[in-house]
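Novice: What follows is a single structure, and I will ask about it in a moment.
The values are calculated or read from the model by the stated rules, or taken from the named source; none is laboratory data. None of these values were measured; they are calculated from a predicted model. Methodologically, a virtual Cβ is constructed for each residue, glycine included, from the backbone with ideal geometry; neighbour enumeration extends over all protein chains shown.
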Amino acid sequence: MPSEPTTRLRHVDPARRRGRVYRGYAAFAAGPVGRAFSTKVAWKLDPHLLKLTRGRFGMAFPLPTALLETRGARSGAPRTNALIYFHDGAKVTIIASKLGLDHHPAWYHNLRKNPDVAFGGIPMRAEVVEDRTERHRLWALADRVYPPYEAYRRDAALADREIPIVQLTER
């Protein structure tokens, strides 16, 4: 299933300070226009752009994104989604936020059923973080990388959904 890695996954340090352009784009992406664009256009174009540019450019630029390749939970068919990520030591962390909507993204169900995935073309194993203390620590890091996650958590909580955190380790 994993595609051939074209470049190593860019290391994303959640402690690094983000510039004005980055923070401005994140704020735009979390607003009503950005959210509408994301749900109607970007999610369809991003996988193609990231493949075409070997992971260097996507609709979410300058946010750190890479392609997650999973197998469909029911069909077994290959699925590809562009996701924001960051590193936690040797692990890569991804968030199943789906903009804080009332249901989990399909890719989350896929990796629960088939945890062997590829991220940025690198074969990895997915594990959902269940421990409350660890989740709290990872949310603090995630909010530094993408501040709108805080609003997504609030929206999801109103819909009685807890947003999953997934960590990926190289196989």
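Novice: Assuming Leu52 fulfils every condition listed in (1) surrounded by fewer than 18 Cβ atoms within 10 Å (Cβ to Cβ); (2) at pLDDT 90 or above; (3) not hydroxyl-bearing (Ser, Thr, Tyr) apart from one, which condition is it?
Specialist: Here Leu52 clears every test but (2).
Novice: Report yes if Gly120 is without any contact (Cβ under 8 Å) to a residue 60 or more places away in the chain and of a type in the set (Gly, Ala, Ser), otherwise no. Let's see the steps before the verdict.
Specialist: On the way: without any contact (Cβ under 8 Å) to a residue 60 or more places away in the chain: no; of a type in the set (Gly, Ala, Ser): yes.
For Gly120, the condition - without any contact (Cβ under 8 Å) to a residue 60 or more places away in the chain and of a type in the set (Gly, Ala, Ser) - is not met.
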